[in-house]
Amino acid sequence: MKHLFTLISILFLYTHVFGQITLKDSNGNDLTNQTAHLPSSPDKVYFNITNEGSEEITFIVEVIDFAVPDDATGLSVCACDQCVQITAVPVTIGQAVSLGAGETYGTNGEADVEYISNGSSEHAFVTIKVYEEGNEDNNATFTLDTDAAFVNEPNTFKFSLYPNPAKDILNVNISANLINPEIKITDIIGKTVECAPLKTQKNQINIAKLNAGIYFVSFISDGKIINTKKLIVK
């Protein structure tokens, strides 16, 4: 009986604390803890927030990381009755909003990200965190990244890395059709400073030991370099 009570308690905590907030785009695609494509043209990406839990929550929207090239017009995020031009992070968007069990916020266009590149081809991204007020363990994040559009393109190699600029942790995403994938990071004079295997499609590389500066990340498949991207370490 004691074990049964413990199991019921764990299930109760899981359903009432974890996994309540989910995020989707306007087409119903799952954004929860995912990386999706940020358009490089003047366009908006709408997102919806759903409370999957069994009780009402009050959620907060926060921008926790971003990068926009100097020659781009700008990046703005709208939610909770406020639009903010993102120039520094972290920044809370609007006020906390209550959301009943099973309810969704954003379906009428109340929440969006707009990036105007002004023709820039440089990398840009934004990471948004949605969490329950007073209970940050109940949260969901998503990243919109100009380098992350590697879906619906079979038989091609696709890669993304973020944040960029980065400081301590570098997230590296790859497509599934790579053979013995790995990355090699070299400094500006070509010296290799890090090599790491990519064990899954989503990987985290610790770069805390790297000095601030410009580096190059080479993606390797079957022993051959198939793509290289510039990385800025801050």
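Would you mind finding the one in G94, G74, G106, G100 that is more than 20 Å from the chain's Cα centre (by Cα), at positive phi and of a type in the set (G, A, S)?
None of the other options fit; the residue is G94.
Go through (1) surrounded by fewer than 20 Cβ atoms within 10 Å (Cβ to Cβ); (2) over 21 Å from the mean Cα position of the chain (by Cα); (3) not acidic (D, E) for K230 and report which single condition fails.
If we test K230 against (1) surrounded by fewer than 20 Cβ atoms within 10 Å (Cβ to Cβ); (2) over 21 Å from the mean Cα position of the chain (by Cα); (3) not acidic (D, E), just (2) comes out false.
Given (1) small (G, A, S); (2) modelled with pLDDT under 95; (3) not in a loop (DSSP other than H, G, I, E, B), identify the lone condition not met by S40.
So S40 meets the others, but not (3).
Quick check: anything in segment 201-215 among the aromatic types (F, W, Y), closer than 24 Å to N33 by Cα and surrounded by 14 or more Cβ atoms within 10 Å (Cβ to Cβ)? First the steps, then the outcome.
Keep residues of segment 201-215 that are among the aromatic types (F, W, Y), which gives 215.
Filter again for closer than 24 Å to N33 by Cα, leaving none.
No, segment 201-215 contains no residue that is among the aromatic types (F, W, Y), closer than 24 Å to N33 by Cα and surrounded by 14 or more Cβ atoms within 10 Å (Cβ to Cβ).
Give me the residue from segment 133-176 that is modelled with pLDDT of 85 or more, assigned to a loop (DSSP other than H, G, I, E, B) and not assigned by TED's automatic domain parsing to the domain that holds K229 and, out of that set, farthest from D30 (Cα to Cα).
G134
Please specify each residue of segment 116-132 satisfying the condition of being at pLDDT below 90 and of a type in the set (D, E, K, R).
E122 - this is the single residue of segment 116-132 that is at pLDDT below 90 and of a type in the set (D, E, K, R).
Any chance segment 109-125 includes a residue that's surrounded by 13 or more Cβ atoms within 10 Å (Cβ to Cβ), farther than 25 Å from I214 by Cβ and hydroxyl-bearing (S, T, Y)?
No, segment 109-125 contains no residue that is surrounded by 13 or more Cβ atoms within 10 Å (Cβ to Cβ), farther than 25 Å from I214 by Cβ and hydroxyl-bearing (S, T, Y).
Considering only segment 183-208, state which residues are touching a residue at least 12 places away in the same chain (Cβ under 8 Å) and over 23 Å from the mean Cα position of the chain (by Cα).
Just the residues of segment 183-208 that are touching a residue at least 12 places away in the same chain (Cβ under 8 Å), to begin with: 183-188, 193-198, 201-208.
Across segment 183-208, the qualifying residues are T186, D187, I188, V193, E194, C195.
Among the residues of segment 16-64, write down those that are free of Cβ contacts under 8 Å to residues at least 40 places away in the same chain and within 16 Å of the chain's Cα centre (by Cα).
Within segment 16-64, K24, D25, N29, D30 meet the criteria.
Name the residue, out of V61, V77, V97, that is farther than 14 Å from E132 by Cα, in a strand (DSSP E or B) and at pLDDT 90 or above.
Testing whether each residue is farther than 14 Å from E132 by Cα, in a strand (DSSP E or B) and at pLDDT 90 or above leaves just V77.
The values are calculated or read from the model by the stated rules, or taken from the named source; none is laboratory data. This one's a predicted model, so the numbers in the text were calculated from it and none came from an experiment. No Cβ is skipped: glycine too gets one built from the backbone with ideal geometry, and neighbour counts run over all protein chains shown.
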